[in-house]
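Inspection log for the structure reproduced underneath, given as C-alpha cells.
The values are calculated or read from the model by the stated rules, or taken from the named source; none is laboratory data. What you see is a predicted model; the values in this text were computed from it and never measured. Positions of Cβ are generated from backbone atoms using ideal geometry, with glycine treated the same way; all protein chains shown enter the neighbour counts.
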C-alpha cells in the first residue's frame with residue numbers, strides 16, 4: 001500500500017511538471033544530478049522537485065514550512081490532509097504551473113511565489129506578509145481561489161474584486177485575509193479585512 005501511494009505521488013508530481021512522456025518521467029532526475037543543492041524536505045507533495053531545487057538555490061538559508069509549524073487550533077478549521085503550505089496553479093494564464101509556498105527564513109515565515117516560465121521561475125517574495133515564529137506557531141495558510149467575484153465589507157465600507165483567472169488566498173485560521181492575483185505582469189493584493 002505504501003509503495004502504491006509513493007508511486008501515485010511520483011506520478012502526480014510528474015504530471016504537474018509536464019515531465020510525463022511515453023517512456024515515463026524524464027527531466028527531473030537529470031536536473032537533480034546537475035545541481036549541487038540538496039533537495040529541500042519532501043514534506044509537501046504539491047511542490048515539484050524542480051521548484052524545491054530552485055528555492056534551495058535562491059534562498060539557501062530557507063526551509064519549507066512544515067505541518068508541525070502550525071498551531072493546534074489550525075486543525076480545528078482544516079483537515080490535516082489539506083495542504084495549506086504550498087499550492088500550484090496558473091495565476092497568469094500562460095499555461096505554465098506557478099507556485100505559492102510558505103517558507104521559513106530563520107525565525108520568520110514568508111510567502112514566496114514562483115511564476116513559471118519556459119526555462120525556470122521568476123520569484124516574488126510577498127512583502128505584505130510575514131510572521132515571526134517567536135510570536136507563536138503558524139496561523140496562516142494559502143489556498144487556490146478560482147475565477148469569480150469576491151465581495152467584502154470592512155470598516156472602510158464594501159469593496160469587490162473580480163478575478164478573471166485563478167488567484168491565491170491567504171487565510172488566518174478560517175478568516176480570509178488577502179487575495180493575491182496577477183494583473184499587468186505583477187502580483188497584486190486585495191485586502192479582505
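State yes or no: is residue 109 part of a strand (DSSP E or B), within 14 Å of the chain's Cα centre (by Cα), within 18 Å of residue 64 (Cα to Cα) and modelled with pLDDT of 95 or more? Let's see the steps before the verdict.
Values: part of a strand (DSSP E or B): yes; within 14 Å of the chain's Cα centre (by Cα): yes; within 18 Å of residue 64 (Cα to Cα): yes; modelled with pLDDT of 95 or more: no.
Against the criterion (part of a strand (DSSP E or B), within 14 Å of the chain's Cα centre (by Cα), within 18 Å of residue 64 (Cα to Cα) and modelled with pLDDT of 95 or more), residue 109 does not qualify.
Find the strands (runs of 3 or more DSSP E) located wholly in region 112-154 whose residues include 3 or more that are touching a residue at least 40 places away in the same chain (Cβ under 8 Å) and in contact with a strand residue (DSSP E or B) (Cβ under 8 Å, 6 or more places away or on another chain), and list them.
On the way: elements: 121-132, 140-145, 148-154.
Once the strands (runs of 3 or more DSSP E) in region 112-154 are filtered for at least 3 residues that are touching a residue at least 40 places away in the same chain (Cβ under 8 Å) and in contact with a strand residue (DSSP E or B) (Cβ under 8 Å, 6 or more places away or on another chain), what remains is 121-132, 140-145.
As an exercise: evaluate residue 120 against (1) buried (at least 17 other Cβ atoms within 10 Å of the Cβ); (2) touching a helix residue (DSSP H, G or I) at 6+ places or on another chain (Cβ under 8 Å) and give the number of the one condition it does not meet.
Only one criterion in (1) buried (at least 17 other Cβ atoms within 10 Å of the Cβ); (2) touching a helix residue (DSSP H, G or I) at 6+ places or on another chain (Cβ under 8 Å) is unmet by residue 120, namely (1).
Name the pairs whose Cβ atoms lie under 9 Å apart, with the first residue in region 47-69 and free of Cβ contacts under 8 Å to residues at least 24 places away in the same chain, the second outside any loop (DSSP other than H, G, I, E, B) and surrounded by fewer than 16 Cβ atoms within 10 Å (Cβ to Cβ), and 6 or more positions between them or separate chains?
That search, which allows pairs on different chains as well, returns 53/31; 53/32.
For region 169-188, what are the residues that are surrounded by fewer than 18 Cβ atoms within 10 Å (Cβ to Cβ) and either outside any loop (DSSP other than H, G, I, E, B) or out of contact with any helix residue (DSSP H, G or I) (no Cβ under 8 Å at 6 or more places or on another chain) (or both)?
Of all residues in region 169-188, those surrounded by fewer than 18 Cβ atoms within 10 Å (Cβ to Cβ) come to 172-177, 183-186, 188.
The answer is 172, 174, 175, 176, 177, 183, 184, 185, 186, 188.
Only one of these conditions is not met by residue 101: (1) surrounded by fewer than 18 Cβ atoms within 10 Å (Cβ to Cβ); (2) in contact (Cβ under 8 Å) with a residue 24 or more places away in the chain. Which number is it?
(1)
Which of the residues that make up region 63-82 are surrounded by 14 or more Cβ atoms within 10 Å (Cβ to Cβ), within 16 Å of the chain's Cα centre (by Cα) and farther than 24 Å from residue 188 by Cβ? Break it down into steps so the answer makes sense when it comes.
Our first condition is that a residue be surrounded by 14 or more Cβ atoms within 10 Å (Cβ to Cβ); within region 63-82, this holds for 63-67, 69-70, 74, 78.
If we keep only those that are within 16 Å of the chain's Cα centre (by Cα) too, we end up with 63-67, 69-70.
The answer is 63, 64, 66, 67, 69, 70.
For region 53-100, what are the residues that are in contact with a helix residue (DSSP H, G or I) (Cβ under 8 Å, 6 or more places away or on another chain), within 15 Å of residue 121 (Cβ to Cβ) and in a loop (DSSP other than H, G, I, E, B)?
97 - this is the single residue of region 53-100 that is in contact with a helix residue (DSSP H, G or I) (Cβ under 8 Å, 6 or more places away or on another chain), within 15 Å of residue 121 (Cβ to Cβ) and in a loop (DSSP other than H, G, I, E, B).
If we keep just the residues of region 155-168 that are part of a strand (DSSP E or B) and more than 19 Å from residue 184 (Cα to Cα), which is modelled with the lowest pLDDT? Show your work before the answer.
Within region 155-168, the first condition is being part of a strand (DSSP E or B), and the residues that meet it are 157-163, 167-168.
Now restrict to residues that are more than 19 Å from residue 184 (Cα to Cα): 157-159.
Working: 157: 90, 158: 94, 159: 95.
So the residue we want is 157.
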